[in-house]
Amino acid sequence: MTICTGLLGWPLGHSVSPAMHDAAFRALGLDGRYDALPTPPEALAAAVAGLAAAGYRGVNVTIPHKQAVMPLLDELSAAAQAIGAVNTIVVGNQGLTVLGRTVSPALTGDNTDWLGFLHPLDARGFDLAGKSALLLGAGGSARAVVYALLQRGLAHLTIWARTPTRATDLATHAQSLSPSLTIPQFPNSPLTISPDLIVNTTPLGMWPHVDASPWPADLPFPAGALVYDLVYRPQRTLFLQQAAAAGCAVQGGLEMLAAQGAAAFELWTGQKPPLEVMLAAALAALVEAR
Ligand code: NAP
């Protein structure tokens, strides 16, 4: 039976996820497919309720449904609850028959963005325990990044965001997850500890606005910091170019994209997909989209 997976979002535009997942199915010799499922907000509830009947093993969820989908699901993973967003739905108990009746399969909401974020750091052997990070932006992906950083024992967190209340809300949330975390009292406060890691979670610099950077023009980059941009189109943003020119190590967002996809694929199929194959497919799809 074909393993059906896909992506719920609106509008979907160009997504590299179908290419990435289809490549993983091929590489593992599995009969599977990943469909783009453009779903306007008013159709979300019906789409989610119909996933099992339509034969889906699971789907990814993207903008603008990551929060809205949560009350439509039967259960949430600990990560999805702590992050407050779902990017992966797993349709469980396919065909389970209880007392002669086929029961409705449970829908579980999970979040793999935090695992995707950690993958390139782990691959570099970057140990976050006791370290300090500076987060640029306080939106949806920032919450997954904060959760990931706290899972690895981050000690100090500074948040810079253009909407100070969002920075404060995220700081309060982070503190509730990890009471020992040190956070400057006020949002957007100057750095009191030189950060070991700087993460851009804003869309600044994303194609087609490639001349934008989230980094203040008059501020030198902290020496020795690893600079990580979640933006993956272009692969090397202006922010990363500036950081590299200042002597910092840099990490782009494409590896995170592939790794969050690989984690979702594993939740649906129980098989570890070849990450390099997914990364290469994502890259090829991006090049094709130019
Ligand atoms: P989001 O929820 O809309 O949050 C965006 C954040 O950036 C908010 O804090 C927002 O501030 C801030 N921001 C937006 N425009 C800004 C500007 N012009 N100047 C300063 N701050 C600005 O978006 P998201 O879902 O977190 O996604 C953010 C970026 O991460 C996107 O480019 C997305 O493609 C990328 N991403 C990559 C991956 C990956 O796998 N590599 C995964 C997830 C996201 P306000 O609150 O004031 O609006």
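Can Gln235 be described as among the polar types (S, T, N, Q) and more than 12 Å from the ligand (Cβ to nearest atom)?
No: the conditions fail for Gln235.
Go through segment 267-287 and count every residue that is away from the ligand (no atom under 16 Å from the Cβ) and free of Cβ contacts under 8 Å to residues at least 60 places away in the same chain.
So the answer is 4.
Got a number for residues in segment 174-203 being in contact with a Gly (Cβ under 9 Å, 6 or more places away or on another chain), within 16 Å of the ligand (Cβ to nearest atom) and free of Cβ contacts under 8 Å to residues at least 60 places away in the same chain?
The qualifying residues number 1.
How do the pairs read when you match residues in segment 124-140 that are touching a residue at least 24 places away in the same chain (Cβ under 8 Å) and more than 8 Å from the ligand (Cβ to nearest atom) with residues anywhere that are in a strand (DSSP E or B) and of a type in the set (Phe, Trp, Tyr), using Cβ under 8 Å and keeping only pairs 6 or more apart or on different chains?
Sorted first by the residue in segment 124-140, then by its partner, the pairs are Leu134/Trp160; Leu135/Trp160.
Considering only residues that are in a helix (DSSP H, G or I) and β-branched (Val, Ile, Thr), which ones fall in segment 11-57?
Val48
Which of the residues that make up segment 16-62 are small (Gly, Ala, Ser) and buried (at least 18 other Cβ atoms within 10 Å of the Cβ)?
Once the filter is applied, which keeps residues that are small (Gly, Ala, Ser) and buried (at least 18 other Cβ atoms within 10 Å of the Cβ), segment 16-62 yields Ser17, Ala19, Ala23, Ala24, Gly32, Ala47, Ala52, Gly58.
The rows are residues; the columns are (1) within 28 Å of Pro38 (Cβ to Cβ); (2) outside the structural domain of Tyr232 (by TED's automatic domain parsing); (3) among the acidic types (Asp, Glu); (4) out of contact with any Lys or Arg (no Cβ under 7 Å at 6 or more places or on another chain).
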| residue | (1), (2), (3), (4) |
| --- | --- |
| Pro71 | yes, yes, no, yes |
| Asp122 | no, no, yes, yes |
| Lys131 | no, no, no, yes |
| Gly140 | yes, no, no, no |
| Leu150 | no, no, no, yes |
| Leu177 | no, no, no, yes |
| Pro184 | no, no, no, yes |
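In this structure, is Phe239 outside any loop (DSSP other than H, G, I, E, B), under 24 Å from Ser77 (Cβ atoms) and in contact with a Pro (Cβ under 7 Å, 6 or more places away or on another chain)?
So Phe239 fails the test.
So in segment 189-206, with the set limited to residues that are out of contact with any helix residue (DSSP H, G or I) (no Cβ under 6 Å at 6 or more places or on another chain) and within 19 Å of Gly139 (Cα to Cα), which one is modelled with the lowest pLDDT?
Ser189
The values are calculated or read from the model by the stated rules, or taken from the named source; none is laboratory data. The shown structure was predicted, so the numbers you read here are calculated from the model rather than taken from an experiment. Note that we place each Cβ from the backbone using ideal geometry, even for glycine, and neighbour counts take in every protein chain shown.
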